[in-house]
Amino acid sequence: MYLTTMINVNFKTKLSWHEVAIRAAFVLITVTCIVWFMPRDKREEFKFEINKVWNHPDLTARANFNVFKSQATIEAEQREVLKLYKPYYIYNEKTGKERINAFRKSYGLMAYALQFNYLRTLTAVMDSIYRQGIIDTRDPLANNIDTLRRVQADHATPIPVKNVVTPREAYERVVNHPQMSGYREVLAKMNLNEYLVPNLTYDSRYSDSVRNYLLKGVATSSGTVQAGEIIIRRGERIDETAFQKLTSYKQAMDRQHVAEHSPMNLIGEAIYVLLFIMGFTIFLGYYRKDYFDNIRSACMIYVVLTIFTILASLLVSHSMLHVYILPFAIVPVFIRVFMDSRTALMAHITVVMICACFMHFPLEFISVELAMGFTAIVMLHELSSRSQFLWTALVTTLIGMLIRLSVFLIRNQDMTYFDPWDYYYLLICGVLIFCSYPLIYLIEKTFGFVSEITLIELSDTNKELLRTMSEVAPGTFQHSIQVGNLAAEIARKLGANAQLVRTGALYHDIGKTQNPIYYTENQSGGLNPHDQLSYIESAQMIISHVTEGIRLANKYHLPTQIRDLIATHHGLGKAKYFYIKYKNEHPDEQVDELLFTYPGPNPFTMEQAILMMADGVEAASRSLPDYTEQSIRSLVDRIIDGMVDEGFFRECPITFRDIAYAKTVLIEKLKTIYHTRISYPEEKK
């Protein structure tokens, strides 16, 4: 055991090849996973809006690029160019003559209904319309075109668009002609639509080629930005010109983007991640070497580090959600709940610094996430209720928002350009922190940990095992409560897990519920069943409460830490009362000590050593004839010094100083428990 006045970190301690291999494996696997999933997209991502202030660092062009005009500008210039556009229509002179002749043949018999002059006028109107031109549709004449080109005999003549009509317009012009006003009923009976057909046909091939030639003449870019030229400076307002430069630069970077990393980028990332993971591993090796001794603890730490770093990488790579949504504060929360605050802090710093290397705004990210992680660690200094998770989520979110606001105010002089979306993301992050509470149970079952919340739940005396003990072995139950109080007080003094010791003390003697009458604290009326047994049988009966306790713990699925406390609270000690009795009555016989020895093992954690001391002293204190400071002090010294002499604490990290503190606490608590009351006087009659 570490029986020194204090535990010093020995920086020159040599590690075995096995320990070096374990640490190297954790480092290499973690670094490989993180680097594998790191974003390969090196494009610069930034948010910008027109008429807003550029709050990011000065933006410098990484390559030459053209500044493209906005779509509205291009469309306006195209409309201006199309004013010069004159579509081509092929004029068919025969169509009008053929349709007019057909009209005369069809309606010559109706001449009696029309005066000859009016019939001649009607055909003259039709001929005039045909000479102007009837087009099949006005669609090609859209875009405010006022002139078209009439192609006749390989010669194109520009004519006003207002002079050509559609078949419907031609019909209305004939019917509404002033000289036809008296004959509209007769005209209505004529099928004039059949004789007013298009004689101007749109030449799509030639017209489209001319139109496309004009549109191609409209330039889509307004200039060029050279590599190294500053596109926009921090604090400048994003006007129309700057907006187009930023938009064009982003498009250029998208086109030039190559998904694969260059070897130099990959080497740089690997070195960066390796240094941080190695630094964290060295920290654990110096200050928390016991975590490597428990492979599950080490696995939990590195798995949490890796998972959150990979999640951040995926968010950035795929631009799925804002990175503030990811609750990085869960990393220190989980490690603090199951381990300690210092390790939680170092793990959180490691995750944040690794993720910062591929964030687009690393300063804001580091400041917000570190502040939220520090707050979560402080808020969960001692997790004793579920409500603490709610308060932790609320306060952590508030701190993150305040830090983000402070960074914004440092870079901006007013709230004109305040963007609330970052704060909405942080609010969602707080909700996720609170909703992560069920994950604690998952981690407990996966890695074999036990949280303080679980220990508090197990301490409920309404639990089946404890309720049964209070009913069938009330003396043992009261003894367990007293041991729990003593052990928890020692643990708080020594910086151990007080809740674990208290809960373990409640369960350390549950094996006595199987045969409670064989234990002194449960006997009454002077009946002692050991009088009917041999010393060996009595010793075996007493020792069996450890094995029975482990059996019950397995049956009711108690955590491993509780089972270890049950197994080690007597260590490899002996049932001394019956052992000494047997030796005294058989002085010449070789005693088989295993028959009188508890199965053990000896304590290997500070909490187990504390429980052994508290249990031994509390049980022995019941046999004191009188309770004075001297008798209590002598009892405590005798019991604990005997444990030290027998080597019970050789395998656990407890020092002479810790043992001295434990003695002091036990003496003071026993003096309080067994204080002497004053005698009340009797009234004289």
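The values are calculated or read from the model by the stated rules, or taken from the named source; none is laboratory data. What you are looking at is a predicted structure, and each value in this text was computed from that prediction instead of being measured. Note that we place each Cβ from the backbone using ideal geometry, even for glycine, and neighbour counts take in every protein chain shown. The protein model used for the area step is the full one, side chains on, heavy atoms only, and it has no ligands, DNA or RNA in it. Shrake-Rupley method; radii C 1.70, N 1.55, O 1.52, S 1.80 Å.
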Sketch the reach of a paramagnetic label on I145 as a point 7 Å from Cα along Cα-to-Cβ, and name the residues of the range 61-93 whose backbone nitrogen lies under 20 Å away. 75-93
Inter-label distance, nm, simple model (7 Å from Cα along the C-beta direction), D531/K684: 4.8 nm
Given the protein chains as shown and a 1.4 Å probe, how many square angstrom of L624 are accessible, to the nearest 10? 30 Å²
Gained length - H318 relative to L266, 0.36 nm times residue gap less alpha-carbon distance: 16.8 nm
Applying 1/(1 + (r/R0)^6) with R0 = 56 Å to the Cβ-Cβ distance of S128 and T220, what FRET efficiency is obtained, to the nearest 0.05? 0.75
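How do the peptides 305-312, 322-329, 63-70, 432-439 rank, highest first, by the average count of neighbouring beta carbon atoms within 10 Å per residue? Could the numbers behind the result be given before it?
Values: 305-312: 20.4, 322-329: 22.9, 63-70: 16.8, 432-439: 15.2.
So the order, starting with the most tightly packed, is 322-329, 305-312, 63-70, 432-439.
Let me check against my output: what whole-number percent is the relative contact order of the range 371-501, with C-alpha pairs under 8 Å and at least 6 apart? List each step's numbers first, then the result.
Details: 77 pairs, mean separation 25.5, N = 131.
It rounds to 19 percent for the range 371-501.
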Distance histogram in 10 Å bins (all Cα pairs of the range 257-402, percent per bin): 11, 39, 35, 14, 2, 0
So what is the calculated 222 nm ellipticity per residue for the chain, using -39500 (n - 2.57) for each DSSP H run with n of 4 or more, over all residues, to the nearest 500 deg cm²/dmol? -19000 deg cm²/dmol
Computed from the beta carbon distance with a Förster radius of 51 Å, FRET efficiency for T664 and I410 to the nearest 0.05 stands at 0.45
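So how do T281, T547, T247 rank on accessible area, 1.4 Å probe, biggest first, that is with the largest at the start? Please report the intermediate quantities before stating the final value.
Values: T281 10, T547 70, T247 35 Å².
Result of the area sort, largest leading: T547, T247, T281.
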At 7 Å along Cα-to-Cβ for each site, give me the label-to-label distance between H557 and K94 in nm. 9.6 nm
Roughly how many whole Å is it from the C-alpha centroid of the range 599-659 to that of the range 530-564? 20 Å
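Please find the FRET efficiency linking H155 to Q78, where r is the Cβ-Cβ separation and R0 is fixed at 45 Å, and quote it to the nearest 0.05.
Working: r = 29 Å, r/R0 = 0.65.
Efficiency for this residue pair is about 0.95.
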Between 0 and 90°, nearest 10: helix 474-494 axis offset from the chain longest Cα axis: 70 degrees
Under a cut-off of 22 Å between alpha-carbon atoms, report the lysines in cross-link reach of K250, not counting same-chain residues fewer than 8 places apart. K42, K47, K52, K69
Lys and Arg at +1, Asp and Glu at -1: neighbours of A487 with Cβ under 15 Å from its Cβ sum to -3
The chain - share of DSSP beta bridges that are antiparallel (%, nearest 5): 75 percent
Dipole of the range 572-685 (Lys/Arg Cβ +1, Asp/Glu Cβ -1, origin at the Cα centre): which of F596, M606, A575 lies farthest to the positive side? M606
Put Y249, Y441 in order of accessible area, largest first, 1.4 Å probe: what do you get? Y441, Y249
How far apart, in nm, are two points set 7 Å out from the Cα along the Cα-to-Cβ line at V20 and at Y424? 5.5 nm
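Under a 1.4 angstrom probe, counting protein chains only, how are Y91, Y302, Y206, Y171 ranked by accessible area, largest first?
Working: Y91 30, Y302 5, Y206 105, Y171 65 Å².
So the residues, ranked largest to smallest area, are Y206, Y171, Y91, Y302.
Please report the relative contact order for the chain, taking Cα pairs under 8 Å with a sequence separation of at least 6, and give it as a percent rounded to a whole number. Write out the running numbers ahead of the final one.
Working: 870 pairs, mean separation 97.3, N = 685.
The normalised contact order for the chain reaches 14 percent.
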The ³J(HN,Hα) series, computed from each phi in the range 614-622 with the Karplus coefficients 6.51, -1.76 and 1.60 at θ = phi - 60°, rounded to the nearest Hz and given as x for glycine or proline, is 5, 5, x, 5, 5, 5, 5, 5, 6
What does the extension gain come out to for L624 and M278, with contour length at 0.36 nm per residue minus their alpha carbon separation? 119.0 nm
Mind checking which lysines have their C-alpha under 26 Å from K555, skipping anything on the same chain fewer than 8 residues away? K445, K463, K512
Taking alpha-carbon centroids only, the range 336-363 lies from the range 485-516 a number of Å equal to 35 Å
